[in-house]
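Notes follow the structure.
The values are calculated or read from the model by the stated rules, or taken from the named source; none is laboratory data. Everything numeric here is computed off the predicted structure, so don't read it as measured data. Quick reminder, even Gly has a Cβ in these numbers, built from the backbone with ideal geometry, and neighbours come from all protein chains shown.
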Amino acid sequence: MFLNNELLPAACLPLPNRGLLFNDGFFETLVWAEGGLRYGPQHLARMQRVAAVLALPLPPALATPAALAATLGRLVAAQPQPAQPQRLRLQLWRPGGGLYAPPEVAGPAEWLATAQLFEKRTAPVARAGFGTTVRTQLSPVSFCKGPNALLYVLAAREREQRGLDELLLLSAAGHVAEAGAAAVGWVRNGAVYVPAEAAGGVSSVRLAHLRSTAAHLGVAWHEGLYEPDALLTAEAVFTANVAGLRPVLAVEGQPFGSAQHPLLHRLLAADAGSAG
């Protein structure tokens, strides 16, 4: 076979690979820090959900909280700096060949896990804007990471071309869905507002954890289909993913006092203290 114009034995890249050929799978981005997996229950819940949708059984090494932590812990232990926080990428795909129709009988997902040093991203987002070239679309798999990856590649391209620090994506119907590589939320009148999954965004592991934090603090949490004006009339705006929670300082030129907002500060402090 040829790989990047180099003739190699087929054994160097086991084929067929349905993840490579048909994007028949998904991935998770996780963080290992302080001797354990952050947001492990939330990650596993999303993995179990997409595995059920795809009829793709999780392999035993990843199928329970204990197994997932033990497996990824061995990967971390093999890194040059295992005591430092690690960013982990877990890719899963359906085994076997075929065309679009998968094999009738297939075993658990095949998988690949990689690690690199983790870089926290908590600096404020100085300039954000609503996307104009891409829109999210609700589908059976829009809640997970992987099947719609090209959408986020195009979103990142638009963000860079416009000189923005973050791009906020709208659904095909014009509702706020998410940020280019994170979830988005905002604060108004003592409550947190986030887009519903029906807007076509990824189901956020970090928002799931933050929602539990808000409930513990007695802070109201609302999910819904919101027009951009709902975000633009907020008191504070933030993005959230496993790399960090970031206050947004301006959207479409409109400033926000997100970095100084007392409720957002309270939420972030409580969330950081319960990230294990």
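Within the option set GLY224, GLY200, being within 22 Å of the chain's Cα centre (by Cα), crowded, with 23+ Cβ neighbours inside 10 Å and at pLDDT 95 or above holds for one residue only, GLY200. Go through segment 16-115 and tell me which helices (runs of 4 or more DSSP H), entirely inside it, have 2 or more residues that are of a type outside the set (D, E, K, R) and modelled with pLDDT of 95 or more. It comes to 40-54, 65-77. Candidates ALA128, ALA77, ALA66, ALA123: the one that is of a type in the set (A, V, I, L, M), without any contact (Cβ under 8 Å) to a residue 24 or more places away in the chain and over 16 Å from HIS43 (Cα atoms) is ALA77.
Among residues of segment 18-34 that are more than 14 Å from ASN148 (Cβ to Cβ) and in the same structural domain as GLN79 (by TED's automatic domain parsing), those with a Cβ under 8 angstrom from a residue that is small (Gly, Ala, Ser) and surrounded by 22 or more Cβ atoms within 10 Å (Cβ to Cβ), sequence gap 6+ or separate chain, pair up as ARG18/GLY25; GLY19/GLY25. Counting only strands (runs of 3 or more DSSP E) that sit completely within segment 123-242, those holding 3 or more residues that are among the hydrophobic types (A, V, I, L, M, F, W, C) correspond to 166-170, 176-179, 183-188, 191-195, 236-241.
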